[in-house]
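The values are calculated or read from the model by the stated rules, or taken from the named source; none is laboratory data. All values derive from a computational prediction rather than experimental measurement. Glycine also receives a Cβ, built like all others from the backbone with ideal geometry; neighbour counts cover every protein chain displayed.
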């Protein structure tokens, strides 16, 4: 590479750091040619579940040049969001809710996209060319590209692992028409370790480097739009939005650092909120509590579905009253979830008596079906 390109790369790195990016790497748009076969196998198996957007134009997703024919370099950037406490400790506090680390602060999409645009404008001012920016909202395979750009490697849990930041990197991409110096891809350092696979509560990994999203707690509590399948409810425990188990179990986290971005830091009210308080949220209160949070996108009804599953798993009989109150909620999804929660907390004769009263005026079949499943 000539001196000018090397100087531009050094300046780009410096500018990225000044904007709050913790990791940067550059790769060729052709560097992930091998991912198409893996993506097709994933989609053909149906492991993407209800995430239909993953199946939309897989050729575009697997090849940056199909996304944008003029792209010559892909700049991958990472922002560290390492937690300041053990994210698995909350799982022992059954009457409180576990919210995934990434969702305890402001929505990273908004924060990172603004910074990507600033960096992209700086690049154009310095070197010309054209750019496009992406942060987890377009058909871009960020993790394989980040691996090719030297930011880390995809571990056996399919997430990116960094030697410097462990499991905790948000990713963004800048596609550019400039021909920039490439970085060396990171090699896989998982070795024989399979801690991430062993800890998964729902056995969502049929094999190393393979994920069945339909069994993943993050998928079940976020992407899944209907009732959570019976077979996974007890394993979910008190996880009401996402799951950090496979990320937190990775031994490379011993090198991880606490995130330095204040807006991504956990809000106190979202670290370990009580299930009782969360169960009382109406739509307005839900939106107010989760303003600027990614949690807001699943809506109040699916959120309360998750809360009720956690209530059922809590072993806390004081929460019976919260589940009973939600038997008359406007949402059939919430009402049916309340039935399951009560079936876990009440004695059988008490539960049957309560449900006899509840269904006497209930016209929605899902509530009756939940009762039937609970006593089967």
> Taking the stated definitions as given, is residue 8 surrounded by fewer than 22 Cβ atoms within 10 Å (Cβ to Cβ) and either in contact (Cβ under 8 Å) with a residue 60 or more places away in the chain or assigned to a strand (DSSP E or B) (or both)?
Replying inline: yes
> Which condition breaks for residue 158 when tested against (1) in contact (Cβ under 8 Å) with a residue 60 or more places away in the chain; (2) in contact with a strand residue (DSSP E or B) (Cβ under 9 Å, 6 or more places away or on another chain); (3) in a loop (DSSP other than H, G, I, E, B); (4) farther than 21 Å from residue 105 by Cβ?
Replying inline: (1)
> When you go through (1) over 18 Å from residue 200 (Cα atoms); (2) surrounded by fewer than 20 Cβ atoms within 10 Å (Cβ to Cβ); (3) touching a helix residue (DSSP H, G or I) at 6+ places or on another chain (Cβ under 9 Å) one by one for residue 255, which number turns out not to apply?
Replying inline: (3)
>> Test of understanding: among 316, 277, which residue is surrounded by 14 or more Cβ atoms within 10 Å (Cβ to Cβ) and in contact (Cβ under 8 Å) with a residue 12 or more places away in the chain?
In response: 316
> Is there a residue in region 137-149 that is under 18 Å from the mean Cα position of the chain (by Cα), over 15 Å from residue 77 (Cα atoms) and surrounded by 18 or more Cβ atoms within 10 Å (Cβ to Cβ)?
Replying inline: yes
> For region 206-222, does any single residue satisfy the condition of being assigned to a loop (DSSP other than H, G, I, E, B), under 15 Å from the mean Cα position of the chain (by Cα) and either buried (at least 20 other Cβ atoms within 10 Å of the Cβ) or in the same structural domain as residue 33 (by TED's automatic domain parsing) (or both)?
Replying inline: yes
> For residue 342, which of the numbered conditions (1) farther than 26 Å from residue 100 by Cβ; (2) at pLDDT below 95 fails to hold?
Replying inline: (2)
>> under 23 Å from residue 224 (Cα atoms) and surrounded by fewer than 21 Cβ atoms within 10 Å (Cβ to Cβ): is that true of residue 54 in this structure?
In response: yes
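Table: residues versus (1) at pLDDT 95 or above; (2) buried (at least 22 other Cβ atoms within 10 Å of the Cβ); (3) not in a helix (DSSP H, G or I).
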| site | (1), (2), (3) |
| --- | --- |
| 60 | no, no, no |
| 65 | no, no, no |
| 74 | yes, yes, yes |
| 78 | yes, yes, yes |
| 82 | no, no, yes |
| 94 | yes, no, yes |
> residue 86 is checked against (1) in contact (Cβ under 8 Å) with a residue 24 or more places away in the chain; (2) farther than 30 Å from residue 245 by Cα; (3) surrounded by fewer than 18 Cβ atoms within 10 Å (Cβ to Cβ) and fails just one. What number does that condition carry?
Replying inline: (2)
